[in-house]
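Asker: Before I ask anything, let me first share the structure, which is written out below as structure tokens.
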Amino acid sequence: MLYDFDAPVNRRNTRSVKWDVLPNELPMWIADMDFQTAPAVTEALIRRAQHGVFGYTTVPDEWYAAVQNHWKKNHGFAIQKEWLCFCTGVVPAVTSAVKRVTNAGDNVVLQTPVYDIFFHSVENTGRHVLESRLPYENGAYGVDFDDLEQKLAHPNTTLMILCNPHNPVGHIWSKKELKTIGALCRKHGVTVLSDEIHCDVTDTGFAYQPFAPVSQECLYNSITCISPSKAFNLGGMHTAAVVVPDPVLRNKIVRGLNSDELAEPNCFAVDAAIAAFEHGGEWLTALREYITQNKKAAAAFIKEHIPTVHLAEQNATYLLWLDCTRITDNAVRLSEHIRKQTGLFVTAGTQYRGNGNGFLRVNIACPRARMLDGLQRLQEGINTYREA
């Protein structure tokens, strides 16, 4: 193997949010990986550090070109330079956009269960979440378009936050699904903010469809948030981009990002993104294959050793969405028991709302031996929970 994803990396005592746990605990919760980033990124950061001067930093033409080239080559999306704005993170961009595109008291539609920070971005700014629950049938999620249109048609609804691919359920939205969502939002005067941070972490043989280029309706009624942080494990670099094709909407977003002091990079953020997008392709292909094989190994283990748990159908992200409804309807209690009993730290699906109260989210972006250790702890925790 050209890249050794089996090699363990000790992240304890590195100020890691994920690994700030007790010595016997195994964290498989927050969405960052236990792999070192692409060598090209590390090399670029070393070169930058060796310069020794870390002053205020501009966003060069090379950054725009790197983003444009990556999305054109890998996702068929021709992004124009003027559509792009640097941002220090997808979550800050989401919150800033909520404040600029909506007014206090407005409704923001979320398809639940969904990434919990979206709720904070909406509710902490005085807006209201309007849930359109994703129907769950035969182990897979879809869209209830009748319910979605009802929520979009509400007179106070002004924004929909789309998660593409969807976190935590790992679903890649089809072109047909996205086109329908875009048409409904345009029909009811609702702007779409599409969080596409997980777009590069799809299973081998699968590709995501960006929302904006699906149709003219989608293109000029959308704000797209992108970043190398999930695919290249750069969460701590605070590097992202916002894509807004419509000039009037873009002016609102850019003014908001600048007013919120979110549009200036730290001295490493630009170099890391350029290196990832321009020179990390081979590493990313290998990573996706490794994570795909991790998923297959996890699915086989769960089927054989934890048959009361069902792995929801998915083809994106490195996060397993485990259906535990045959065991409990209280995922918080289950996750707390598992952590106390075995040291395995996973995320209760309750915080993602929707039907998440019967699910656990498990991060498998780690060496396979570590993942299997986690799954064995999961088995032990579930067995003792049922006995209790």
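Asker: Among Arg353, Arg333, Arg339, which is within 22 Å of the chain's Cα centre (by Cα) and basic (Lys, Arg)?
Answerer: Going through Arg353, Arg333, Arg339 in turn, the sole match is Arg353.
Asker: Out of Gln314, Gln341, report the one residue that is under 22 Å from Val17 (Cα atoms), in contact with a Lys or Arg (Cβ under 9 Å, 6 or more places away or on another chain) and open to solvent by 10 Å² or more (accessible area, probe 1.4 Å).
Answerer: Gln341
Asker: Just to check your reading of the model, which residue among Gly349, Gly358, Gly354 is open to solvent by 10 Å² or more (accessible area, probe 1.4 Å), under 30 Å from Gln209 (Cβ atoms) and at pLDDT 95 or above?
Answerer: Answer to the selection: Gly354.
Asker: Against the definition (touching a residue at least 60 places away in the same chain (Cβ under 8 Å), touching a Pro at 6+ places or on another chain (Cβ under 9 Å), open to solvent by 20 Å² or more (accessible area, probe 1.4 Å) and closer than 15 Å to Pro228 by Cβ), how does Val59 come out, yes or no?
Answerer: When the stated conditions are applied, Val59 passes them.
Asker: Suppose we filter Val108, Val67, Val91 for residues that are modelled with pLDDT of 95 or more, within 20 Å of the chain's Cα centre (by Cα) and surrounded by fewer than 21 Cβ atoms within 10 Å (Cβ to Cβ); which single one remains?
Answerer: Val91
Asker: Would you be able to tell me the number of residues in the range 1-20 that are of a type in the set (Asp, Glu) and under 24 Å from Arg288 (Cα atoms)?
Answerer: Qualifying residue count, the range 1-20: 2.
Asker: Within the range 276-293, identify whether any single residue is part of a loop (DSSP other than H, G, I, E, B), among the charged types (D, E, K, R) and surrounded by fewer than 16 Cβ atoms within 10 Å (Cβ to Cβ), and answer yes or no.
Answerer: no
The values are calculated or read from the model by the stated rules, or taken from the named source; none is laboratory data. Since this is a predicted model, take the numbers as computed values, not measurements. In this analysis, Cβ positions are derived from the backbone assuming ideal geometry, glycine residues included, and neighbour counts consider all displayed protein chains. The accessibility values were calculated without ligands, DNA or RNA, using every heavy atom of the protein model including side chains. Shrake-Rupley method; radii C 1.70, N 1.55, O 1.52, S 1.80 Å.
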